[in-house]
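Before any comments, here is the structure.
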Amino acid sequence: MYKAGGLLQQGSGQGFLSPPESEANYVAIAKDILEHSTLHSNTLLTMVSQDLALRWSASPLELAVLGGFTLCFGAFTWAMQGGLFAKTSDRNIGITVTRVLGLVGLVAHGTALIMHIDGQASWSEGAALLLYGASLTLFTSAMRTLRARQLTLAFSTDTPNTLIANGPYRVIRHPFYTSYLIAWTAGFVATSQPWLLLTVLAMGTLYVFAARQEEAKFRDSPLATAYEAYASMTGMFFPKLNRLFPALRGGTT
């Protein structure tokens with residue numbers, strides 16, 4: 001307990017200390033506080049640094065997964081910002097919801113992948129890396145098929161004037177949506193976070209609505225007859241089994 005004239009040592013029976021003794025004790029107390037504060041601070045810093053070192057000592061596989069995520073969603077963003085798809089002045093609810101949910105999902109997946117880093121490789125991360133690779137491969141294949149042609153964004157209200165049926169379009173009608181779905185699924189597989197499954201379901205639902213709207217535009221266009229024939233031979237997001245395995249058609253080829 002401190003007094004104006006010095007330090008009162010309780011239980012010692014000495015009463016107040018003289019000024020020189022008081023100053024010496026003040027110095028001793030200050031040193032003791034400083035030493036203990038430094039000790040506690042060093043302990044805390046050591047614990048934090050060890051945790052950060054563990055968090056950021058990513059294994060090569062974890063770094064590869066982060067790279068796959070960055071490449072996939074970097075390519076998707078570039079495409080939707082005019083690099084591949086034609087920009088539109090449409091501001092309907094479908095386009096707005098897709099952009100908002102896409103941004104939320106992107107942040108969620110990036111954060112989950114970073115927080116999942118523990119320096120240990122796992123089979124789930126290996127599977128996720130394969131999915132990112134498959135997504136990027138399909139995206140690139142569809143992009144090369146388009147060549148100089150530009151498609152419009154999901155939920156756009158334009159009238160289609162070209163039917164593409166080569167490249168990956170030979171077996172699926174919406175390869176870009178399929179590549180997006182595979183990439184969203186990869187993040188869930190890598191982290192095993194149940195809440196990331198919600199992003200897969202949410203974005204998948206949006207893609208189904210977008211695909212159906214696009215197909216309705218084709219059926220209301222001069223390409224309706226050709227599109228019906230094309231749609232009968234292809235799957236929406238995944239190939240029809242009888243296209244992959246002709247024997248399943250039940251007849252001769």
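Every read-out reported here was derived from the displayed coordinates using simple, explicitly stated rules and does not represent laboratory data. Every value quoted in this text rests on a predicted model; they were computed, and no experiment measured them. Note: ideal-geometry Cβ built from the backbone for every residue, glycine included; neighbour counts use all protein chains shown.
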Quickly work out the residue 141-to-residue 59 label distance, labels modelled 7 Å from Cα along the C-beta direction, and quote it in nm with one decimal.
2.9 nm
Provide 143, 203 in ascending order of the number of other Cβ atoms located within 10 Å of each residue's Cβ, fewest first.
143, 203
For the range 118-131, what does the Karplus curve 6.51 cos²θ - 1.76 cosθ + 1.60, with θ = phi - 60°, yield as ³J(HN,Hα) per residue in whole Hz, taken in order and with x for Gly and Pro?
9, x, 10, 7, 9, 5, 5, 5, x, 5, 5, 4, 5, 5
Residue order, fewest to most surrounding Cβ atoms within 10 angstrom, among 103, 151
103, 151
With label points built 7 Å along Cα→Cβ from the Cα atoms of residue 100 and residue 77, find their separation and express it in nm.
2.0 nm
Taking neighbour counts of Cβ atoms within 10 Å as a proxy for exposure, in what order, fewest first, do 233, 80 appear?
233, 80
Under 5 Å, built H, 5+ apart or other chain: amide partners of residue 152:
86
Quick one: net charge around residue 124, please, counting Lys, Arg +1 and Asp, Glu -1 for every other residue with C-beta under 14 Å from its C-beta.
-3
